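The structure under discussion appears below in the form of structure tokens.
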Amino acid sequence: MPSTASIPGYTYGSAEVAESPFHLADLAILKQTLLFTEADVHYLRMAGTVLEPQVEAILDVWYGFVGAHPHLVAYFSTTQGVAIPDYLARVRARFAQWIRDTTQREYDQTWLNYQMEIGLRHHTEKKNHTDAAAGAPPIIPLRYMVGFIVPITITIKEFLKAGGHSPEEVEQMYAAWFKAVVLHVTLWLQPYAQPGEF
């Protein structure tokens, strides 16, 4: 995994990361709900080797999608509707690392804590703080958090096909990616729930 020291606002494993109220026993049960198994871990690792050289191209697709929809890019813009380039660039660097983390990290308590941190950074508690993005909207609504599962899932398949694996392996990598995306987004939604509701 490339060095993460130069990624702005990437604080994985640091003391400043929020502590998740969710623990490994909870995660194990959630994984069961998502049919997420050790086989999926294997195929995520495989996917990681395929996606790594394509990370920037993947982000071009995702950023193109956001940029083509004013209601989405608005969350990275001023109240006057002007996109904030530095904010978008900083988030992009972390989004690239998220692809690597999704396919390569161990899903342990450190990882769980960082999912809480990511959730907070989309919620009113921390949105805009990490990147000093004053003037941008203070929250990304829950509906778009859930809705974005679709574009970051269905767009990945063509990239997975580029690795030269069999159609069966591509399908397994694609299924593992989908489960992992749903797992991440589910955990990111913790700040949106009242205590006892998550």
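Sorted from largest down, give the three principal axis spans of the alpha carbons of the range 120-198, whole angstrom values.
Principal extents (Cα only, largest first): 46, 31, 18 Å.
Can you spot the aspartates and glutamates whose alpha carbon is less than 16 Å from Lys161's alpha carbon? Ignore those fewer than 8 places along the same chain.
Once the sequence-local aspartates and glutamates are set aside, what remains near Lys161 is Glu52, Glu169, Glu171.
For the range 83-150 and the range 159-198, what is the separation of their C-alpha centers, rounded to whole Å?
Each part reduced to its Cα centre gives a spacing of 16 Å.
Would you be so kind as to identify which of Tyr114, Tyr87, Pro191 lies farthest towards the positive end of the dipole of the chain, taking Lys and Arg as +1 and Asp and Glu as -1 on Cβ and the Cα centre as origin?
Projecting each Cα onto the dipole axis, the largest value belongs to Tyr87.
In 5 Å bins starting at 0, how do the alpha-carbon pair distances of the chain split up by percent?
Over the chain, the share of Cα pairs per 5 Å bin runs 1, 7, 15, 20, 21, 18, 12, 5, 1, 0 percent.
Rounded to the nearest whole Å², what accessible area per residue is found for the chain with the 1.4 Å probe?
On the way: 9680 Å² over 198 residues.
On a per-residue basis, 49 Å².
Pull out the extension gain between Ala74 and Ile154, defined as 0.36 nm times the separation in residues minus the alpha carbon to alpha carbon distance; nm, one decimal.
Numbers: separation 80, 0.36 × 80 = 28.80 nm, distance 2.29 nm.
Stretched out fully, the Ala74 to Ile154 stretch lengthens by 26.5 nm.
Stretched out fully, how many nm does the piece from Ala89 to Ile7 gain, at 0.36 nm a residue minus the Cα gap?
On the way: separation 82, 0.36 × 82 = 29.52 nm, distance 1.03 nm.
Value of the extension gain: 28.5 nm.
Which value does Rg/Rh take for the range 1-85 over its C-alpha atoms, Rh per Kirkwood? Could you put the intermediate results ahead of the total?
Values: Rg = 17.7 Å, Rh = 16.9 Å.
For the range 1-85, the value is 1.05.
Mind ranking 47-57, 113-123, 168-178, 9-19 by how tightly packed they are, going by the mean number of other C-beta atoms within 10 angstrom, highest first?
Working: 47-57: 16.8, 113-123: 21.0, 168-178: 19.1, 9-19: 13.4.
Going by the mean number of other Cβ atoms within 10 Å, highest first, we get 113-123, 168-178, 47-57, 9-19.
How big is the dipole moment of the chain about its Cα centre under a simple scheme where the beta carbon of each Lys and Arg is +1, that of each Asp and Glu is -1, and everything else is neutral? Debye, nearest 20, please.
Working: 14 positive and 20 negative charges, 85 e Å.
With only Lys, Arg, Asp and Glu charged at Cβ, the dipole is about 400 debye.
Compute the length gained on full extension between Glu16 and Gln109: take 0.36 nm times their separation in residues and subtract their Cα-Cα distance, giving the result in nm to one decimal. Could you put the intermediate results ahead of the total?
On the way: separation 93, 0.36 × 93 = 33.48 nm, distance 1.47 nm.
Between Glu16 and Gln109, full extension yields 32.0 nm more.
Report the paramagnetic label zone for Ala193: residues of the range 137-173 whose backbone N is under 19 Å from a point 7 Å from Cα along the Cα-to-Cβ axis.
140-149
Using only the Cα atoms of the range 75-148, each taken as one equal point scatterer with no solvent, compute I(q) by the Debye sum, divide by I(0), and report log10 of the ratio at q = 0.24 Å⁻¹.
After summing over all Cα pairs, the log10 values are -1.24.
Return a whole-number percent for the relative contact order of the chain, with Cα pairs under 8 Å and 6 or more residues apart as the contact set.
Values: 194 pairs, mean separation 66.1, N = 198.
Relative CO of the chain lands at 33 percent.
Under 8 Å for C-alpha pairs, at least 6 residues apart: give me the relative contact order for the range 79-142, rounded to a whole percent. Let's see the in-between values first.
Numbers: 27 pairs, mean separation 21.4, N = 64.
Taking the mean separation of contacting Cα pairs over the length of the range 79-142, I get 33 percent.
Per DSSP H run of n ≥ 4, the term is -39500 (n - 2.57); total these for the chain, divide by its residue number, and report the mean residue ellipticity at 222 nm rounded to 500 deg cm²/dmol. The partial results should precede the final answer.
On the way: 10 runs with 115 residues, N = 198.
It comes out at -18000 deg cm²/dmol, rounded to the nearest 500.
The values are calculated or read from the model by the stated rules, or taken from the named source; none is laboratory data. This structure is a prediction, so every number in the text was calculated from the model and none was measured. Using ideal geometry, Cβ is built from the backbone for each residue, glycine included, and neighbour counts are taken over all protein chains shown. Keep in mind that these areas ignore ligands, DNA and RNA; they rest on the heavy atoms of the full protein, side chains included. Shrake-Rupley method; radii C 1.70, N 1.55, O 1.52, S 1.80 Å.
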